[in-house]
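Beneath this line is the structure, given in C-alpha cells, with notes to follow.
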Amino acid sequence: MKPPVRIGFVSAAGPEDIRAQSGIPWFMRQALERYCGKVDHLGPLQPWIARPLHLASRASQRLSRRYRFIDTNGERLSRAYARLLSPRIVSADNDWLFAPYASAEIAYLETTKPIVYYSDATFRIMCDYYPGFTGLSRRSRRAGDELERRAIDRATIACFASDWAAASARRDYGAPPDKVVVVPMSANFLDPPPVESLRFDRDGASIRLLFVGVDWERKGGPIAYDTLVALRCMGMKATLTVVGCAPPARINGAGVSILGFLSKSRPDQRATLEAVFRDADVLIAPTSAECYGCVFVEAAAFALPSVATNTGGVSSAMAGGASGLLLPPGSTGQQYAEAIMDVMADPCRYHALRVSARRAFDTQLSWTAWSRRMNELTTGFLS
C-alpha cells in the first residue's frame with residue numbers, strides 16, 4: 001500500500017492558531033489533511049531577532065511623521081526563519097512544502113524539497129492600496145519587494161487566490177507564466193450547509209441586506225448604509241444587518257440591526273451567524289480595498305448573492321460574477337440600491353443568481369475544489 005503524502009506546513013504563526021490571518025491557514029491545514037495527505041506542522045517560528053525588529057519598527061514609526069515601516073519585511077528576519085526551518089525540514093522529510101502567506105519564511109530558505117507558495121496578494125499591489133501598506137518608507141518598499149521576488153523565485157509553484165494577484169506576480173516580479181497559477185480560497189468552514197437546507201427565492205416583501213466586516217470604513221459600511229436609505233426612499237421595506245464591527249453612533253436609524261463581532265469558534269455565535277446568512281437576501285460589500293474576500297465565498301455557500309465593488313481580488317472570490325453583481329469602484333449608495341432593485345424586481349433572475357452562487361461554490365470555491373487543484377498541481381512532485 002502506498003504511504004500517504006507528507007506535507008510540510010511552513011508558517012511563522014503556525015496553522016494551529018485559528019486566529020492567525022483570519023483563520024485561513026488553519027482551514028488550509030484542515031483541508032490538506034482531509035483531502036491531500038499527512039500534514040507536519042513546521043512552525044511556529046519565533047527567532048530572537050523578531051521582537052527587537054518589531055520594537056525598532058514601532059519606534060521608527062513614532063519618530064517619522066511621513067513614512068510607515070514594516071518590521072516583517074527585513075532580510076535579517078527572513079534569514080532567521082530559514083535557520084530555524086532548515087533542520088525541521090530535514091527531520092520531517094516531507095514530500096513537498098506548503099507555504100501560505102510566507103514570503104519572509106521561504107525567501108532565504110535552502111532546501112531541495114518542492115515548495116508551493118500561496119498568497120492572496122503580492123507586496124507590490126498592496127503598497128498604497130491597503131491602509132497598512134500606505135506611505136511606506138523606501139527602505140520598507142525595497143525590502144518587501146525583495147522578499148516577494150525571492151519567495152516567488154524560490155517556489156516551485158506560486159499559487160494566488162485571484163487573477164489580480166497572479167497578474168502582479170507575472171508583471172511586477174517577472175514570474176514565468178507556467179509557474180503562476182490561480183487557486184481560489186474557500187470559506188471559513190469546512191462543511192458547507194446542505195443544499196436542501198437553503199432557500200433559492202425571496203422570502204417576503206422586504207429586502208434584507210447583510211453587511212459583514214471588521215473594518216467599517218474600508219469594507220464600505222457608509223455606502224451600505226446609504227444603500228439602505230436609498231432603498232427606503234424608493235418605497236422599499238429594507239433592513240440592514242451589520243456583523244463584525246460597531247458602526248458610528250449615527251448608524252442607528254430605522255431598519256438597522258447591529259450584531260457586532262460573532263466568533264465562529266463559539267457554537268452559539270456561529271449559529272447566529274449562519275442564521276443571518278440564511279435569512280438575508282443580499283450580501284452588500286462596497287469595499288474600497290480587498291485582496292480576496294472569503295465572505296463572498298461564505299455567502300455563495302448559503303446561495304446568497306453578493307453585490308460588491310469590483311476591486312482587488314473580489315471578482316475571483318465571486319467566480320467572475322457568477323455569485324453576484326460587481327459594481328465599479330466609486331459607486332454610490334444610490335447606484336447600489338438601483339442594482340439591487342433591478343435584481344429583486346425579477347424573481348426569475350434572483351432565483352437564477354442564488355442557484356448560480358451555490359453552483360460556483362460547489363464547483364470552484366469549496367475546500368474540496370481547492371484541495372483537488374492542489375493535488376493536481378503537486379502530482380509531478382510525487383511521481
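The values are calculated or read from the model by the stated rules, or taken from the named source; none is laboratory data. Please read these numbers as outputs of a predicted model, since none were measured by experiment. Heads up, the Cβs are rebuilt from the backbone with ideal geometry, glycines too, and the neighbour counts pull from every protein chain shown.
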Among the residues of region 164-179, the number that are without any contact (Cβ under 8 Å) to a residue 40 or more places away in the chain, farther than 14 Å from Arg150 by Cα and among the aliphatic types (A, V, I, L, M) is 2
Checklist entry - Does region 353-372 contain at least one residue that is out of contact with any strand residue (DSSP E or B) (no Cβ under 8 Å at 6 or more places or on another chain), of a type in the set (Lys, Arg) and either modelled with pLDDT under 95 or within 30 Å of Asp95 (Cβ to Cβ) (or both)? => result yes
Is it true that Pro4 is within 27 Å of Glu376 (Cα to Cα), surrounded by fewer than 16 Cβ atoms within 10 Å (Cβ to Cβ) and modelled with pLDDT under 90? yes
Apart from one, (1) farther than 23 Å from Glu376 by Cα; (2) of a type in the set (A, V, I, L, M); (3) crowded, with 17+ Cβ neighbours inside 10 Å all hold for Val90; the odd one out is (3)
Phe200 meets each of (1) modelled with pLDDT of 95 or more; (2) in the same structural domain as Thr272 (by TED's automatic domain parsing); (3) aromatic (Phe, Trp, Tyr) with one exception, condition (1)
Of the listed residues (Ala246, Ala289), the one being small (Gly, Ala, Ser), within 28 Å of Phe160 (Cα to Cα) and either in a loop (DSSP other than H, G, I, E, B) or in contact with a helix residue (DSSP H, G or I) (Cβ under 9 Å, 6 or more places away or on another chain) (or both) is Ala289
Going through region 331-383 in order, the residues found to be surrounded by fewer than 16 Cβ atoms within 10 Å (Cβ to Cβ), among the basic types (Lys, Arg) and not assigned by TED's automatic domain parsing to the domain that holds Val180 are Arg349
- Item | Any chance Ser306 is at pLDDT 95 or above and closer than 25 Å to Pro194 by Cβ | yes
Residues in region 230-258 that are surrounded by 17 or more Cβ atoms within 10 Å (Cβ to Cβ) and without any contact (Cβ under 8 Å) to a residue 24 or more places away in the chain total 1
Here, helices (runs of 4 or more DSSP H) confined to region 92-202 with at least 1 residues that are among the acidic types (Asp, Glu) are 103-106, 138-154, 163-173
Q) Looking at this structure, is Leu32 farther than 21 Å from Trp370 by Cα and at pLDDT 85 or above? A) no
Within region 249-282, of all residues that are in a loop (DSSP other than H, G, I, E, B) and under 16 Å from Lys219 (Cβ atoms), the one modelled with the highest pLDDT is Ala280
Within region 120-143, the count of residues that are surrounded by fewer than 23 Cβ atoms within 10 Å (Cβ to Cβ) and in contact with a Ser or Thr (Cβ under 8 Å, 6 or more places away or on another chain) comes to 5
Within region 144-168, residues crowded, with 18+ Cβ neighbours inside 10 Å and either more than 18 Å from Phe98 (Cα to Cα) or within 17 Å of the chain's Cα centre (by Cα) (or both) come out as Gly144, Ala158, Cys159, Phe160, Ala161, Ser162, Trp164, Ala165, Ala166, Ser168
